[in-house]
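Step one of this worksheet: look at the structure below.
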Amino acid sequence: MVLGLILQCKLPGQTNFPLLVDHVSREANYFRNRLEELNTGRLEPLPDAIIDENVFFLKIMADHAKFIGHLLDPSERKLVEQAREFSNDFDMLLFQAQDLSSMRPQSQTVPLLSQFVDENRVSVKELRDFKKTARDLIDACRIKSIIHPLLADHVFREAERFLFILDMFEQSLSGVKVNRRDILSS
């Protein structure tokens, strides 16, 4: 409802990007769905979960890069450019994930899913390291931005969470016993 009001110019004076409002709504919906899955014991089959979790988190990571780029002071040119590059990279990874999703069930082979998870892990590690550096620089007041330190920490922790999920999926694909409830509940 809030997003609709913003897009219809019926909520004047607010300072949040429409994409940020949508982003927060998607995160809340994701959390609600995870709780429902845990409470009902109804889990997606592993191949579907791998694709769906990646589609969700790749979009989140792309959004984070966009927000970081827009909330840094324009004089922080190098960091703004790095954020823009991450945004582009994660948009491309998201498009690949959506393509893989549309090819279901034929795309749900262990070799394809394993390569998909590996490729995403490399990119998420790089973004996580960038977010950690930005968080630390913001905490030390060493860069100019309007990013609140708690927001910087939040986006860093979400990248950490995504890496944890990717690691669990990789273990499952390689035959290591993984409790799916651990992936959802941690």
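Derivation of every value follows stated rules applied to the coordinates shown; laboratory data play no part. Keep in mind that what you see is a predicted model, and the values were worked out from it rather than measured. Because the Cβ atoms are built from the backbone with ideal geometry, glycine has one as well, and the counts that use them run over all protein chains shown.
So the values come out like this:
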{"item": "Given (1) 30, 20, 16; (2) 37, 18, 14; (3) 34, 19, 13, the label whose value is semi-axes √(5λ) of the Cα gyration tensor in Å derived from this model", "result": "(1)"}
{"item": "Crossing angle, helix 149-173 versus the chain [Cα axis fit, 0-90 degrees, rounded to tens]", "result": "20"}
{"item": "Pairs of lysines in the chain (C-alpha under 15 Å apart; 8 or more residues apart or interchain)", "result": "5"}
{"item": "Computed FRET value (nearest 0.05) for S101 with R157, which takes r as the C-beta separation and R₀ as 45 Å", "result": "0.95"}
{"item": "Phi to ³J(HN,Hα) by Karplus 6.51 cos²θ - 1.76 cosθ + 1.60 over segment 32-41, Hz, x for Gly, Pro", "result": "4, 5, 4, 4, 4, 4, 5, 6, 9, x"}
{"item": "Long-range amide H partners of D73 with built H, under 5 Å", "result": "K144, S145, I146"}
{"item": "Nearest 10 degrees, 0 to 90: helix 110-139 Cα axis against the chain principal axis", "result": "30"}
{"item": "For E158, E27, E53, order by how many other beta-carbon atoms lie within 10 Å, fewest first", "result": "E27, E158, E53"}
{"item": "Folded to 0 to 90 degrees: helix 77-102 orientation relative to the chain principal axis, Cα", "result": "30"}
{"item": "3J(HN,Hα) from dihedral phi, segment 12-23, Karplus parametrisation 6.51/-1.76/1.60, rounded to Hz, x for glycine, proline", "result": "x, x, 6, 10, 9, 5, x, 4, 5, 4, 4, 4"}
